[in-house]
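Notes for the one structure printed next.
Any read-out appearing in this document is the output of simple, stated calculations on the displayed coordinates, not a laboratory observation. The shown structure was predicted, so the numbers you read here are calculated from the model rather than taken from an experiment. When we count neighbours, we look across all protein chains shown, and the Cβ atoms used for this are built from the backbone with ideal geometry, even at glycine.
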Amino acid sequence: MDMTALLLSRIQFAFTITFHIIFPSFTIGLAAWLAVLEALRLATGRPVYRVIFDFWLKIFGVAFGMGVVSGIVMAFQFGTNWSELAKMSGPIQGPLLMYETFWAFMLEASFFGVLIFGRSRVPPWFYLFSTAMVALGTTFSAFFIMVNNSWMQVPTGYVMENGVFVPNDWTRILFNSVVWSRFPHMLLAAYLTGAFCVAATGAWYMLRKIYHAESRIMLRMGLGLAAVLMPVQLFFGHLNGIYVNTYQPSKMAAIEGRWNDEKPGSEVLFAWPDVENRRNRFAITLPPPFGSLIDSDSLTAGETGLNSIPPENWPPVAIPFFAFRIMVGCGLLMLGLAWLGSYLSYRHRLAYNRPLLWATFLSFPLPFVAIITGWFTAEVGRQPWVVYGVLRTADAMTPFLTAQQATISLVIFCAVYAFIFLFGTFYIYRLIRTGPDRKPFPHLAVPNRPMSLAGEELIEEPNHLVAGE
Amino acid sequence: MVMFWVSLLAISILLYVLLDGVDLGVGLLFGLASGETRRRAMLSAVAPIWDGNETWLVVTAVILWGAFPIVYANLLSAFYLPLIVMLLGLILRGVAFEFRYKTQRLRWIWDLSFAGGSLIATFIQGMTVGALVEGLQFTNGEYSGGAVGWLTPFAVLCGIGLCLGYALLGACWLVRKCEGKVRDVARRQIPVLAVGVLAFLVVVFAYALAENLPILDRWIDRPYLFVFPAIGAISAAVLAFSILNHNDYLPFHMVALIFVSAFGTLALSFWPYMIPSVITVEQAAAPQSSLVFMFWGCGLIVFPLMLVYTVVSYSVFRGKVRTTGGYEHH
């Protein structure tokens, strides 16, 4: 076992999956937003919804393409770097990923084609149906990924046979109670990402005094949706805390920076966890029973501290501790912004409040930061286990992987990703800066080439694929 | 149930080789082509299909993991560096399809990444198969060949062979989809490439005889396997005939048939092993509970629907791509 290779493999997985999650979390929200827009257009007949729809469809296409491309790598990494995990948990994780791939392929790929091509070829109700199917496809993807990850957090429904996890109860794996607080948490996070990106775009246009009608709708709908969803999200976040406290005491203790068992527990708001001396420096702490109230919904419950867990089972304390606080901080900022913005919008004063427009415009990174730090909390907090309590990350790695191989792969991953994804992000930025096109949508793109939706801005048009007579 | 999933795996691999072989092959020929007009026409011939083609690679990977986890874990980790380089090659060529049209000055970068990515991915795929045929070093069911245990002259030869094969497939596709100069150049390339592929097959066969590869025993055991090379030989004859007759449609089908027979030959000479002489299909199969769960939710209905979707998306883009007009505006 090469410890350097282990560290590099972990960094590589973290890097590739962090890059990947940015795009699906954006497109899941956007797909739902597109479905809503199309429904509104059908219900009201207002052409402005069509303009906004076509605009966001293009952005969806680029982000969707980037998500697909970066996702291919994920289907291979379990085997290349984590062959022991792949062997042992393959009978459970393999089928779940297969469901994800097959269902996504069926729903997203085929109905996405209708979205691009079919506007003039299918009846309006079918077009709306296709939009909804694409949204459903992305939701299914998210569901199976969350089932898969939840099984790694709280393994269930299996027996061990010859060192292999053999599933014996798929209903328990699929309807694991943990899934039903984590999946909505992720789904809501994706919706909020969509909402804030839409609102930020609206705010940008309003600040630049362009696209008046479109920007008003984007702002009002984006902020309004966020104002409703944010409290729900906080509630599901709380439910997630309850599951962590029940099943993963070491993660909870790290998140809370709690060293000693307490009954009832106090709540550390801010601190600098000093792992070496097992204490918090510069701590600002709410007295008991706030910790028990937050972690266990109880005034008297006892809370576990890290000192009663063997240090070899601790996660790296600082990462979940800080990542969690950044996530919550982003969430609270978004809540404040969404409520204040919606209130002003309701009073018809938002358009004149430039500071708040600026704040909304600049808020678009918040949901992404919250999602990434949230995942850091969940995944780093699960360490040193890959399947919590059963299989250690160190035992899951490909046994013969060398540091040299891992270094080479990590370096080329970083180089290629940085190169390509910066380009892609730049194209999304350019699309958004240019804004909606009020002319009818050109049918340049094709179903299998989502990224070609950005084609309107081409220096020259590619003139691809005009099928012959 | 195991047979069901082996069949789906075989279909997925075969579809991947045939479909992505086309656009990887066009990518290889793209590197040889000069002039923007020709390059554009070549890209147009594969642009609507490449993304869907690559999906079959992911489908193959997840079937392998879900239904045959031991093989997935062993092969992917044994081919660590080549696989990762291949994935990045595929990513680079994938984005090149779009990005090359977004810049004038830097277009050469994306053209290079398109041709280079295709070359890297093809070569590695061929090399991987070659290394498997020759046999990887395993100890107690675990790969023990080291970081470059797959790198042998035979594997390199197979890598080159697949480059020729994909290029042949790509050339036939161009003849079928294009008109004018592109078609004429591709038509001239076909005999050269076909002879190259033939020479490669002869060398492989001679090498296998000389080295007495274990895979040869299967052929002595099962003479009926020779039906596949026979199909291949007939296809090659029809291919030569159709080229002489300037037929646009037949060559592609014949080369596809040659690929199918080569695939059948390989698959049946592997059987019952998945990794030759190390792990059999039965040993590799996931527990029954996993296979059944995937059968109802994925294999039974969704997989056939995916096949239908592939057929439909190809039929939407049937016929020649129009290469006249529209290209000259700069």
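General remarks:
- Counted by Cβ distance under 13 Å from A:Phe376, the other residues give a net charge of +3, where Lys and Arg count +1 and Asp and Glu count -1.
- Span from the segment A:31-97 Cα centroid across to the segment B:112-162 one, whole angstrom: 32
- Taking chain A and dividing mean pair separation by its residue count, relative contact order in percent (alpha carbons under 8 Å, at least six apart): 23
- Among B:Ala267, B:Ala171, A:Val390 - extreme Cα towards positive end, dipole of the protein assembly as shown, charges at beta-carbon: B:Ala171
- Each residue of chain A gets 175 Å³ once the volume of the Cα convex hull is shared out per residue.
- Residues of type aspartates and glutamates that A:Lys58 reaches as a straight line, Cα spacing below 20 Å, ignoring anything fewer than 8 places off in the same chain: A:Glu38, A:Glu108, A:Glu214, A:Asp437, A:Glu456, A:Glu457, A:Glu460, A:Glu461, B:Asp51, B:Glu98
- Between B:Leu29, B:Leu164, B:Leu268, the GNM of chain B built on Cα springs shorter than 10 angstrom shows B:Leu268 fluctuating the most.
- The amide H of A:Arg392, built 1.01 Å from its N in the peptide plane, has A:Val386 as neighbours under 5 Å, considering only residues 5 or more places off or on other chains.
- Taken along its principal axes, the alpha carbon cloud of segment B:70-227 reaches lengths of 55, 34, 23 Å, longest axis first.
- Distance distribution P(r), the protein assembly as shown, all Cα-Cα pairs, bin width 20 angstrom from 0: 15, 46, 32, 7, 0 percent.
- Segment B:248-313-segment A:299-370 distance, computed between alpha-carbon centres (Å): 48
- In this Cβ point-charge picture (+1 for Lys and Arg, -1 for Asp and Glu), segment B:2-316 has a dipole of about 1040 debye about its Cα centre.
- Loop trypsin sites (Lys or Arg not before Pro), segment A:160-209, which have at most 12 other Cβ atoms in a 10 Å radius of their Cβ (DSSP): A:Arg208, A:Lys209
- Efficiency of FRET between A:Ser298 and A:Arg433 - r from beta-carbon atoms, R0 56 angstrom, step 0.05: 0.65
- Fluctuation leader among B:Arg222, B:Arg187, B:Arg39 - chain B, Gaussian network, Cα springs under 10 angstrom: B:Arg222
- Straight-distance candidates among the lysines for linking to A:Lys251, with alpha-carbon spacing under 23 Å and chain neighbours fewer than 8 residues away dropped: A:Lys263.
- Charge dipole (Cα centre; +1 on Lys/Arg Cβ, -1 on Asp/Glu Cβ; no other charges) of segment B:221-330 amounts to roughly 220 debye.
- Once Rg and the Kirkwood radius are both taken over the C-alpha atoms of segment A:113-248, their ratio Rg/Rh works out to 1.12.
- Dipole orientation for segment B:2-316: of the candidates B:Leu92, B:Leu14, B:Leu64, B:Leu92 has the Cα lying most toward the positive pole (charges on Cβ; Lys, Arg +1; Asp, Glu -1).
- Farthest positive-ward along segment B:2-316 dipole, Cα basis, beta-carbon charges - from B:Met306, B:Thr37, B:Val129: B:Thr37
- Distant-in-sequence amide H partners of A:Asn280 (H built 1.01 Å from N, under 5 Å): A:Asp274
- Using a cutoff of 8 angstrom between alpha carbon atoms and counting only pairs six or more residues apart, the relative contact order for chain B works out to 23 percent.
- Ranked from largest, the principal axis spans of the Cα set of segment B:2-316 equal 55, 40, 39 Å.
- Separation of segment A:380-407 and segment A:119-170, taken as the distance between their Cα centroids, equals 25 angstrom.
- Cα-centre dipole for chain A with unit charges at Cβ (Lys and Arg positive, Asp and Glu negative), debye to 20: 1620
- Residues whose amide H lies under 5 Å from that of B:Ala285, counting only those 5 or more places away or on a different chain, are absent; hydrogens are built 1.01 Å from N in the peptide plane.
- Nearby lysines by direct alpha-carbon distance to B:Lys181 (threshold 22 angstrom, same-chain neighbours under 8 apart not counted): B:Lys320
- Between the beta carbons of A:Val390 and B:Trp219, assuming R0 = 51 Å, the FRET efficiency works out to 0.65 to the nearest 0.05.
- 0 to 90° range, to nearest 10: angle between helix A:47-81 axis and chain A longest Cα axis: 40
- The helix-only estimate of mean residue ellipticity at 222 nm for chain A, built from DSSP H runs of length n ≥ 4 each weighted as -39500 (n - 2.57), is -23000 deg cm²/dmol after division by the residue total.
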